[in-house]
Amino acid sequence: MNDSTHLSELNQRVSAAKAEVEGRGETFYPGASRIHLASYPPRERWNDWVELDSKSWPERVEKRYMLVPTTCFNCESACGLLAYVDRETLQVRKFEGNPEHPGSRGRNCAKGPATLNQITDPDRILYPLKRSGRRGEGKWEQVSWDEALDAIAGRIRTALQEDRHEEVVYHVGRPGEDGYTERMLAAWGVDGHNSHTNVCSSGARAGYHWWMGMDRPSPDFSNAKVIVLVSSHLETGHYFNPHAQRIIEGKKNGAKLIVFDTRLSNTATHADHWLSPYPGSEAAIFLAIANWMIREGKYDREFVRRWWNWQEYMEVVNDEPGASFENFEEHLREVYSEFTFEYAATESGIDAATLLEVAKVVSTAGTRFASHNWRSAGSGNLGGWQVARTLTLLNALLGALATEGGTFPNSWNKFTPRPPRLPHQHPKKWNEVTWPREYPLALMEMSFLMPHLMKDQDARLDVYFTRVYNPVWTNPDGFSWIEMLTDEDRIGLHVAMTPTWNETAYFADYILPMGHASERHDLTSYEQYNGQWIAFRQPVLRAARERLDEKITDTRQVNPGEVWEENEFWIDLTWRIDPDGSLGIREFFESKKVPGEKMTIDEYYGWIFDNSVPGLPEASAAEGLTPLEYMRRYGAFEISNKVGRVHEQSVPDNELEDVRVDEMGRVYSRAPIPPSPKAPGGTKIDDDEDGRRRVGVRVDGEILKGWPTPTGKLEFWSRTLHDWGWPELAIPTYIKSHIHPENLESDQVPLITTFRVPVQIHTRSANSKWLDEIAHTNPLWIHPIDADRVGISKTGDLVRVETELGYFVLKSWITEGIRPGVAACSHHMGRWKPEGHKGQRLGISTVALNQEGSEWSLTPRKGGEPFASSDPDTMRIWWTDLGVHQNLTHAVHPDPISGQHCWHQAVRICPAKEGDRAGDVSVDTGKSQAAYEKWLAMTRSADRYSPDGTRRPYWMLRPVRPERDAYHLPLKTESAEV
Ligand code: SF4
């Protein structure tokens, strides 16, 4: 089919669809969204779209645009954006939603369009900078990319040549991409991946991982009958725009919404049942609901019989090999009998009758029970991982896993395509700083403990990248981070790769300016409904100029100043690390088409789209485009819109060869691994001793794919937890939080810090003037009863909040929207820069930073105020209060099992003292070491508890997996040799 025939067919289709809905008085977008979207530009006209210029009104002046898709980078949802590129100036005029994106379906939250503010921020970093004074002194000189690249590459090359692989660490905040950097680190042969996940979602992830072998929920909200959110997920949080629109769809279809949130959040206001429990008691409530459902027989017996690993549980825990299912059911009734509604009421402060009412609603869901916990209670509490685990218990009782309207595991609704030249090697050395043996079951790297672990292990990093990551501000105990970063014996070279100024970059050796959402390439796929999609982030001005037949070879040619993208940066850096290929690294970044040349970005993504995305080559061909052209034009592609019940699928005959079935029903086969377009990753299921590969599990005589867990079943009982020293926690149960009333002094209250205002995002949106105007501060939520008790008379009065490490001062907000006896403070405010430092002015206070020994203070000198810049709006700033950086005063609270930082704080609240000013912070880092040691004492180290002499269960997730030998603990290896 040629272009013009195809266009005419498309036009006919569009006209027919339009006629149908316009007949009903509506407008319609006939794209991948498959929902009613009003007034989106038809994609056939994206190349030359005409709008009237709003600023010229009442004159009718036409503006012509190229509409170029990209992906938002302001949270992990990766919603589609459409950049409106002015055809005359070739500048971006605005960002709107991309109706071709199956996840976000044309919609965005406020942060998506505010990308425009970020790219036009008058203070943005436009050139590579090198420090010229002491580290942290605030003196910078502009350097060339060549100079920075050579300096960094030279150090990495020397470290690798001297077998100091563990001294190269890449620490990522917002990844915003799938697999590019993991591939690179594997190619370098370093176990140097470090994430922010343990200050984010490790708690909930661990709860899911030990059930399903996959670590995220993917609820099918649109088709649910009952939705449970342990979060303020309708207004903010992980995947919230794609999820929020589907939650509302579900509600419109009659779903009941149950929200657990101690605050009256905007999400809670939309709930049919809002529960405001004492923080940390959520698991007790879920167990009470489970107990009631079990006793009342309101669970899916067949699902439990087929898919839970109850046989293993009965054999090991009850010493009943071959027990009948009925025996197990009897045991199940017993094991949860203590979790009555009365008990849950005592723990949560919610009356038993309300809990029974909610239990009844849950029990009506059947397999249409969509539930979600990501941060919230899962990341606030000691044992928070049991919140996700007990919530999943409800799904598992109802059989509502991987069902329409139920909750899917993430990996089945996500598609990470196989890239070209995938490294075959695994790092040989284990990195003890990121994966310490005291936390063998930590879901992800123990990144927030770095300052303490580095000291404990007397470790040193030669090259430390922080990439879109701001640990000084984001992590607890930020002053310890400053102490570490300014110690040149610990950190040889700190390279901050960031699109915006941040509190960590002030303590770098190089600051490298990276692109925003419309200035870089990335590939993403996230589990947002029962389907799979990929989305392509791209430098929109590059795509626009290429439409005009310009040849662009480097993203810096179109980005402002010398802003680069990481993809091209890493390729260039890798070539400089291994210029002659002698380290065996360069080959992974060489062109397949032109041997001996660098791989280009077009080739990298072109190869993926040609070879690894099912259906894309055909869809592109139908439009007369190459797959790369298709993705540059539309920005997203849906691979499947119904994934279904993967665990129930039969293993194909060609994967069954010389099969062995073990006593647990696990099926192993000698058939070769069939080629897959998907990148390998995730859980690693062991082969058997004879070298057969596990392909499935036998259930009622059929060989099915099952779950990627050690047993192939859903693990109600976790042998991993049992064998690694936590037998008492191996089934879903309740752990009393560190802020449980039993653990508080009489004058302490819990402080909730795990929420944010919906229009700000971590540390990358303070340079968005529109967002700053909407929300710029973070007062203390306090109930009138508590305000009265501590002597705060009115909203706005200053309060001092005392934590384990020190105190912070802020304004109060007296509200009945918080449970009495609990306080709350959003963590997304209080950005700062030290006096005398260069940097951003929007949304950032200037502070005096003082240190005397271990005593630190931060005192605001200047808040928000108008300033002259290239943007006249900066003279219109009317707000002054920019909030407080409370995380500086938080001690580290690593959960001994999941490794999650348990964010909630036990605090004392009092009226501000004489001399206190809003934004003041005072901390003694001497106390933070004591807190670290207190929590360390709760761990059960691999040295003592490992059942097999390894550092960590091999099957568990690992972003970059070292080779098998590296898993062995050194002491065991030595004694074995003796
Ligand atoms: S939810 Fe908002 S910030 Fe997140 S990707 Fe979507 S538009 Fe961007």
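The values are calculated or read from the model by the stated rules, or taken from the named source; none is laboratory data. Values in this document were obtained by computation on a predicted structure and should not be read as measured data. FYI the Cβ positions are ideal-geometry reconstructions off the backbone, even for glycines, and counts take in every protein chain you see. Calculation scope for accessible area: heavy atoms of the full protein, side chains included, ligands and nucleic acids excluded. Shrake-Rupley method; radii C 1.70, N 1.55, O 1.52, S 1.80 Å.
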(message) Quick check on residue 580: is it assigned to a loop (DSSP other than H, G, I, E, B) and modelled with pLDDT of 95 or more?
(response) yes
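Any idea how many residues of the stretch 438-463 are under 19 Å from residue 199 (Cα atoms) and not hydrophobic (A, V, I, L, M, F, W, C)? So that I can check it myself, show each step before the final result.
Just the residues of the stretch 438-463 that are under 19 Å from residue 199 (Cα atoms), to begin with: 438-454.
The next check asks that each one be not hydrophobic (A, V, I, L, M, F, W, C); those that pass are 438-440, 445, 447, 451-452.
Within the stretch 438-463, residues that are under 19 Å from residue 199 (Cα atoms) and not hydrophobic (A, V, I, L, M, F, W, C) number 7.
State yes or no: is residue 89 open to solvent by 60 Å² or more (accessible area, probe 1.4 Å), under 26 Å from residue 760 (Cβ atoms) and over 25 Å from the mean Cα position of the chain (by Cα)? If you could, list the steps in order and put the result at the bottom.
Numbers: open to solvent by 60 Å² or more (accessible area, probe 1.4 Å): yes; under 26 Å from residue 760 (Cβ atoms): no; over 25 Å from the mean Cα position of the chain (by Cα): yes.
In short, no.
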(request) Considering only the stretch 89-157, give the strands (runs of 3 or more DSSP E) lying wholly within it that have at least 1 residues that are away from the ligand (no atom under 16 Å from the Cβ), under 18 Å from residue 68 (Cα atoms) and not hydroxyl-bearing (Ser, Thr, Tyr). (result) 92-97
(request) Specify the residue that is farthest from the ligand (Cβ to nearest atom); the eligible residues are those in the stretch 63-78 that are out of contact with any Gly (no Cβ under 6 Å at 6 or more places or on another chain) and among the hydrophobic types (A, V, I, L, M, F, W, C). (result) 66
(request) Could you tell me whether residue 533 is within 16 Å of the ligand (Cβ to nearest atom) and either surrounded by fewer than 19 Cβ atoms within 10 Å (Cβ to Cβ) or outside any loop (DSSP other than H, G, I, E, B) (or both)? (result) yes
(request) For the stretch 660-687, enumerate the residues that are part of a loop (DSSP other than H, G, I, E, B), of a type in the set (A, V, I, L, M, F, W, C) and in contact (Cβ under 8 Å) with a residue 24 or more places away in the chain. (result) 664, 671, 679, 685
(message) Looking at the stretch 932-952 only, could you name the residues that are of a type in the set (Phe, Trp, Tyr) and open to solvent by 30 Å² or more (accessible area, probe 1.4 Å)?
(response) 945
(request) For residues that are open to solvent by less than 10 Å² (accessible area, probe 1.4 Å), of a type in the set (Gly, Ala, Ser) and touching a helix residue (DSSP H, G or I) at 6+ places or on another chain (Cβ under 9 Å), tally how many sit in the stretch 98-132. (result) 4
(request) Working only within the stretch 596-613, note down all residues that are assigned to a loop (DSSP other than H, G, I, E, B) and farther than 28 Å from residue 674 by Cα. (result) 596, 597, 600
(message) Suppose we filter 233, 196, 238 for residues that are within 23 Å of residue 510 (Cα to Cα) and at pLDDT below 95; which single one remains?
(response) 196
(message) Just to verify a result, which residue in the stretch 681-707, among those that are under 26 Å from the mean Cα position of the chain (by Cα) and at pLDDT below 95, is surrounded by the most Cβ atoms within 10 Å (Cβ to Cβ)?
(response) 682
(message) Can you find a residue that is buried (at least 24 other Cβ atoms within 10 Å of the Cβ), within 22 Å of the chain's Cα centre (by Cα), of a type outside the set (Val, Ile, Thr) and part of a loop (DSSP other than H, G, I, E, B) anywhere in the stretch 551-573?
(response) no
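Here is a yes/no grid of residues against (1) touching a Cys at 6+ places or on another chain (Cβ under 7 Å); (2) over 30 Å from residue 864 (Cβ atoms):
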| site | (1), (2) |
| --- | --- |
| 723 | no, yes |
| 727 | no, yes |
| 751 | yes, no |
| 768 | no, no |
| 776 | no, no |
(request) Please determine, by comparing only the residues of the stretch 671-680 that are open to solvent by 60 Å² or more (accessible area, probe 1.4 Å) and not basic (Lys, Arg), which one is farthest from residue 419 (Cα to Cα). (result) 672
(request) Among the residues of the stretch 327-347, count how many are part of a helix (DSSP H, G or I) and more than 23 Å from residue 400 (Cβ to Cβ). (result) 8
(request) Scan the stretch 365-374 and give yes if some residue there is in contact (Cβ under 8 Å) with a residue 60 or more places away in the chain, closer than 13 Å to residue 292 by Cα and over 26 Å from the mean Cα position of the chain (by Cα), otherwise no. (result) no
(message) Cβ-Cβ distance below 8 Å, separation of 6 or more or different chains: which pairs start in the stretch 54-82 with a residue that is within 20 Å of residue 240 (Cβ to Cβ) and end on one that is open to solvent by 50 Å² or more (accessible area, probe 1.4 Å) and not in a strand (DSSP E or B)?
(response) 79/107
(request) Under 6 Å between Cβ atoms, at least 6 apart or on separate chains: pull out the pairs that start in the stretch 706-731 with a residue that is within 15 Å of residue 952 (Cα to Cα) and in contact (Cβ under 8 Å) with a residue 12 or more places away in the chain and end on any residue that is assigned to a loop (DSSP other than H, G, I, E, B) and among the basic types (Lys, Arg). (result) 725/940
(message) Within the stretch 222-238, does at least one residue satisfy the condition of being free of Cβ contacts under 8 Å to residues at least 60 places away in the same chain and touching a Pro at 6+ places or on another chain (Cβ under 9 Å)?
(response) no
(request) Go through 468, 472 for me and flag whichever is within 28 Å of residue 803 (Cβ to Cβ), aliphatic (A, V, I, L, M) and within 16 Å of the ligand (Cβ to nearest atom). (result) 468
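Out of the stretch 133-161, which residues are open to solvent by 70 Å² or more (accessible area, probe 1.4 Å) and either at positive phi or in contact with a Phe, Trp or Tyr (Cβ under 9 Å, 6 or more places away or on another chain) (or both)? Walk me through how you get there before you give the answer.
Within the stretch 133-161, the subset open to solvent by 70 Å² or more (accessible area, probe 1.4 Å) is 134, 139, 141-142, 146-147, 150, 155, 161.
Once the filter is applied, which keeps residues that are open to solvent by 70 Å² or more (accessible area, probe 1.4 Å) and either at positive phi or in contact with a Phe, Trp or Tyr (Cβ under 9 Å, 6 or more places away or on another chain) (or both), the stretch 133-161 yields only 142.
Are there any strands (runs of 3 or more DSSP E) wholly within the stretch 721-834 with 1 or more residues that are more than 28 Å from the chain's Cα centre (by Cα), within 18 Å of residue 921 (Cβ to Cβ) and among the small types (Gly, Ala, Ser), and if so which?
Details: elements: 749-752, 780-782, 798-802, 806-814, 832-834.
Ranges flagged: 806-814.
Residue by residue through the stretch 480-522, note down the ones that are in a loop (DSSP other than H, G, I, E, B) and of a type in the set (A, V, I, L, M).
Of the stretch 480-522, the ones in a loop (DSSP other than H, G, I, E, B) are 486-490, 499-504, 508-509, 515-521.
Correct list: 508, 517.
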